[in-house]
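Just below is one structure, and these are the notes that go with it.
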Amino acid sequence: MGMAAATNEWTYEMLQTLPNDGNRYEIIDGELFVTPPPAVGHQRAAWELLAYFIDYLKRYPVGHGFFAPGDVIVDPRNVVEPDIFVVPPGFDPKSAGWKDIKGLLLAIEILSPSTAHADRNRKRILYQRFRVSEYWIVDVDARLIERWRPADTRAETLLDSIEWQPSSDYPPLRINLHELFGKL
């Protein structure tokens with residue numbers, strides 16, 4: 001995840017003063033991370049994965065899906081932009097803003113060389129600490145997804161398929177990973 005910028009302690013208010021220059025600016029535990037714009041392959045992976053969620057979330061009212069850029073403001077010292085994320089159904093996307101997101105059902109990051117270390121470490125720890133139901137790390141090169149839940153001490157590594165079921169009232173979303181990665 002890009003370089004950490006030097007300052008004492010970054011906050012969401014300070015983040016708002018940075019330029020809209022295409023870089024991704026995130027804060028984890030008061031530390032600013034600057035990541036260059038994603039590469040074409042990264043965006044293609046996000047697009048293909050997002051297609052599964054668009055269909056599922058239209059069919060089943062389990063939450064609202066979004067994709068970067070979009071600030072998830074955990075608190076003033078922790079602001080991240082997951083590549084894809086789902087918020088609980090109580091969030092009203094017609095009238096609410098990013099500051100109104102109170103939790104995540106799912107956060108997904110597509111690994112890039114500049115983000116791999118932070119995605120697997122700093123962000124994972126943050127998402128677990130703030131009880132994000134599931135955090136997926138998509139490794140396109142290795143053709144796998146690492147799934148983390150809040151209490152996990154190690155990732156569940158998925159090579160063939162992954163299921164996501166935020167509500168037992170509805171069937172799970174099933175993604176064939178061979179099919180997904182075959183499109184990339």
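Annotations
- Of everything in segment 94-109 that is open to solvent by 20 Å² or more (accessible area, probe 1.4 Å) and within 16 Å of residue 129 (Cα to Cα), the residue that is nearest to the chain's Cα centre (by Cα) is 105.
- Close contacts from segment 49-62, counting a first residue that is at pLDDT below 95 and a second that is among the hydroxyl-bearing types (Ser, Thr, Tyr) and assigned to a helix (DSSP H, G or I), with Cβ to Cβ under 9 Å and a gap of 6+ residues or different chains, come to none at all.
- Check on residue 104, part of a loop (DSSP other than H, G, I, E, B) and within 22 Å of residue 175 (Cα to Cα): yes
- Some residue of segment 128-136 being under 23 Å from residue 179 (Cβ atoms) and not charged (D, E, K, R): yes
- Considering only residues in segment 37-93 that are part of a helix (DSSP H, G or I) and of a type in the set (D, E, K, R), the one that is surrounded by the fewest Cβ atoms within 10 Å (Cβ to Cβ) turns out to be 58.
- Test: residue 112 is open to solvent by less than 30 Å² (accessible area, probe 1.4 Å), at negative phi and in a loop (DSSP other than H, G, I, E, B): yes
- The residues on offer are 155, 142, 116, and the sole one that is of a type in the set (Gly, Ala, Ser), at pLDDT below 95 and more than 23 Å from residue 12 (Cβ to Cβ) is 116.
- Looking only at segment 126-184, residues that are among the hydroxyl-bearing types (Ser, Thr, Tyr) and either part of a strand (DSSP E or B) or crowded, with 16+ Cβ neighbours inside 10 Å (or both) come to 5 in all.
- Selection of segment 15-28 for residues being surrounded by 13 or more Cβ atoms within 10 Å (Cβ to Cβ), over 14 Å from residue 114 (Cα atoms) and touching a residue at least 12 places away in the same chain (Cβ under 8 Å) yields 15, 27, 28.
The values are calculated or read from the model by the stated rules, or taken from the named source; none is laboratory data. Source: prediction; values computed, not measured. Here the Cβ is made from the backbone with ideal geometry for all residues, glycine too, and neighbour counts use every protein chain on show. Quick note on the areas: whole protein, heavy atoms, side chains included, nothing else; ligands and nucleic acids left out. Shrake-Rupley method; radii C 1.70, N 1.55, O 1.52, S 1.80 Å.
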